[in-house]
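Student: Below you will find the structure I want to go over with you.
The values are calculated or read from the model by the stated rules, or taken from the named source; none is laboratory data. Predicted model only: the values in this text are computed from it and were never measured. Virtual Cβ from ideal backbone geometry, glycine too; neighbours counted across all protein chains shown. When the accessible area is computed, the model is the full protein with side chains, heavy atoms only, and any ligands, DNA or RNA have been set aside. Shrake-Rupley method; radii C 1.70, N 1.55, O 1.52, S 1.80 Å.
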Amino acid sequence: MSDVDVVAESIESMKVRGARDIAIAAAEALRDLVKEGANLTELKIAGEKLKAARPSAISLPNAVDYCIYLSEGNEVMPPEQFKEKTVSDIESYLTELNTSLERIAKVGAELIKDGETVMTHCQSDTVASIFRKAYDDGKKIKVLATEARPRHQGHLTAKILAEYGIPVTLIIDSAAHYMMKKLRVDKVFFGADTVTVDGDLVNKIGSSQIALAAKHLDIPVLVAAESLKFNPRSIFGRDVEIEMRDPKEVAEIPGVEILNPAFDVTESEYIDMIITEDGVMPPAAAYSLLREKYGWEILK
Ligand code: RUB
């Protein structure tokens with residue numbers, strides 16, 4: 001197996017998971033391929049392989065397409081120069097992604113008040129960075145985290161936050177509505193796999209139910225999504241494919257059909273604000289962000 005195959009397999013099997021981390025892993029794999037002397041055609045083939053690894057997080061094709069776009073800009077150069085410049089361009093992109101995370105953490109933390117109870121679902125590095133920043137700023141926050149059946153990524157959220165010193169309470173997914181009310185949750189924070197041009201959110205299965213409960217209880221819903229998570233293809237009305245995973249992740253009962261969708265769609269009307277590296281915006285501004293950030297050049 002080539003390194004690209006190994007990375008694609010790690011993404012597919014969720015050894016590497018979370019929209020941000022899979023995008024970074026793909027960009028790093030392409031950078032390493034350039035280092036090994038790959039040309040543009042070989043990069044494009046590798047890029048398609050990486051993109052096919054998981055369907056619902058737009059961050060993955062966005063990152064791959066951007067690396068290819070950077071490489072295309074250097075195509076006319078002699079091989080050694082192509083290698084050097086493309087590696088350096090991809091490195092700069094990776095650094096930019098880190099800067100974006102820091103900015104989102106700062107902007108998001110400003111939205112949390114001292115003493116608030118915040119809730120999250122599944123495991124998002126972006127949301128965790130907001131909670132850590134709020135805590136570092138001296139705010140006494142409490143976090144309510146859901147398990148996120150069937151893969152229990154919420155256990156990871158709870159572990160990461162607890163190790164950082166943030167008080168965290170873990171609940172089963174179906175306790176969400178009841179516990180949001182009982183613990184008087186102040187705000188819900190979701191990460192994002194994809195934000196569509198209409199400002200709808202594709203995120204871990206169960207997000208939409210929590211958003212519905214939040215609307216019912218009048219709790220603001222905030223989405224932490226750098227521009228990498230916005231889907232320029234949805235401008236043509238192309239739907240985001242919802243990943244259906246192996247039913248065995250849920251249960252094995254003879255004679256019973258088991259469905260295991262990994263993501264769902266929360267319509268923009270259930271979302272109060274989206275936190276991006278450029279600040280906070282209403283979901284209706286997704287279109288403007290896409291125009292500004294992507295132009296139309298990566299719409300292939
Ligand atoms: C993870 C998930 C996360 C987003 C955002 O799903 O839905 O909320 O990917 O994460 P899975 P991040 O575990 O199936 O990959 O903010 O880290 O990009």
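Student: Can ILE58 be described as open to solvent by less than 10 Å² (accessible area, probe 1.4 Å), of a type outside the set (Gly, Ala, Ser) and within 15 Å of the chain's Cα centre (by Cα)?
Tutor: Details: open to solvent by less than 10 Å² (accessible area, probe 1.4 Å): no; of a type outside the set (Gly, Ala, Ser): yes; within 15 Å of the chain's Cα centre (by Cα): yes.
No; evaluated as a whole, the condition is false for this residue.
Student: Go through (1) assigned to a helix (DSSP H, G or I); (2) closer than 22 Å to ALA225 by Cα one by one and return the number of the condition LYS83 breaks.
Tutor: Of everything listed in (1) assigned to a helix (DSSP H, G or I); (2) closer than 22 Å to ALA225 by Cα, LYS83 misses just condition (2).
Student: Next question, about the same structure. Report, by residue number, each residue of segment 156-196 that is in contact (Cβ under 8 Å) with a residue 12 or more places away in the chain, among the polar types (S, T, N, Q) and away from the ligand (no atom under 16 Å from the Cβ).
Tutor: Hit for segment 156-196 is THR169, nothing else.
Student: Let me ask something else about it. Residues in segment 62-73: is at least one open to solvent by 10 Å² or more (accessible area, probe 1.4 Å), within 16 Å of the ligand (Cβ to nearest atom) and among the hydrophobic types (A, V, I, L, M, F, W, C)?
Tutor: Looking through segment 62-73, none of the residues is open to solvent by 10 Å² or more (accessible area, probe 1.4 Å), within 16 Å of the ligand (Cβ to nearest atom) and among the hydrophobic types (A, V, I, L, M, F, W, C).
Student: Of the residues in segment 129-144, how many are within 12 Å of the ligand (Cβ to nearest atom) and either touching an Asp or Glu at 6+ places or on another chain (Cβ under 6 Å) or over 21 Å from GLU277 (Cβ atoms) (or both)?
Tutor: Qualifying residue count, segment 129-144: 0.
Student: Sort out which residues of segment 2-53 are assigned to a helix (DSSP H, G or I), closer than 21 Å to GLU249 by Cα and open to solvent by 40 Å² or more (accessible area, probe 1.4 Å), and write them in order of number.
Tutor: The first filter runs over segment 2-53 and keeps only residues assigned to a helix (DSSP H, G or I), leaving 3-12, 19-35, 40-51.
This time we only want the ones that are closer than 21 Å to GLU249 by Cα, so: 8-12, 19, 22.
If the condition is that a residue be assigned to a helix (DSSP H, G or I), closer than 21 Å to GLU249 by Cα and open to solvent by 40 Å² or more (accessible area, probe 1.4 Å), then GLU9, GLU12 are the ones that fit.
Student: Within segment 209-261, count every residue that is surrounded by 13 or more Cβ atoms within 10 Å (Cβ to Cβ), in contact (Cβ under 8 Å) with a residue 12 or more places away in the chain and touching a helix residue (DSSP H, G or I) at 6+ places or on another chain (Cβ under 9 Å).
Tutor: 27
Student: A further question follows. From the set of residues in segment 102-128 that are in contact with a Gly (Cβ under 7 Å, 6 or more places away or on another chain), within 9 Å of the ligand (Cβ to nearest atom) and assigned to a helix (DSSP H, G or I), which is nearest to GLN153 (Cα to Cα)?
Tutor: Keep residues of segment 102-128 that are in contact with a Gly (Cβ under 7 Å, 6 or more places away or on another chain), which gives 107, 121-127.
Next, only the ones that are within 9 Å of the ligand (Cβ to nearest atom) stay: 121-127.
Remaining after also requiring assigned to a helix (DSSP H, G or I): 125-127.
Working: ASP125: 11, THR126: 14, VAL127: 13 Å.
Looking at the filtered set, the residue picked out is ASP125.
Student: Please specify each residue of segment 197-256 satisfying the condition of being among the acidic types (Asp, Glu), away from the ligand (no atom under 16 Å from the Cβ) and either closer than 30 Å to GLU110 by Cα or part of a helix (DSSP H, G or I) (or both). Before you say what the answer is, go through the steps one by one.
Tutor: Let us first name the residues in segment 197-256 that are among the acidic types (Asp, Glu), namely 198, 200, 218, 226, 239, 241, 243, 246, 249, 252.
Of the ones still in play, those that are also away from the ligand (no atom under 16 Å from the Cβ) are 198, 218, 239, 252.
ASP198, ASP218 - these are the residues of segment 197-256 that are among the acidic types (Asp, Glu), away from the ligand (no atom under 16 Å from the Cβ) and either closer than 30 Å to GLU110 by Cα or part of a helix (DSSP H, G or I) (or both).
Student: Is at least one residue of segment 87-95 open to solvent by 10 Å² or more (accessible area, probe 1.4 Å), of a type in the set (A, V, I, L, M, F, W, C) and in a helix (DSSP H, G or I)? So that I can check it myself, show each step before the final result.
Tutor: Start the filter on segment 87-95 by keeping residues that are open to solvent by 10 Å² or more (accessible area, probe 1.4 Å), which leaves 87-89, 91-95.
Subsequent filtering for residues that are of a type in the set (A, V, I, L, M, F, W, C) retains 87, 94.
Still in the running and in a helix (DSSP H, G or I): 87, 94.
Within segment 87-95, one or more residues are open to solvent by 10 Å² or more (accessible area, probe 1.4 Å), of a type in the set (A, V, I, L, M, F, W, C) and in a helix (DSSP H, G or I).
Student: Which condition does SER268 not pass, out of (1) touching a helix residue (DSSP H, G or I) at 6+ places or on another chain (Cβ under 9 Å); (2) open to solvent by less than 10 Å² (accessible area, probe 1.4 Å), if it passes all the others?
Tutor: Failing condition for SER268: (2).
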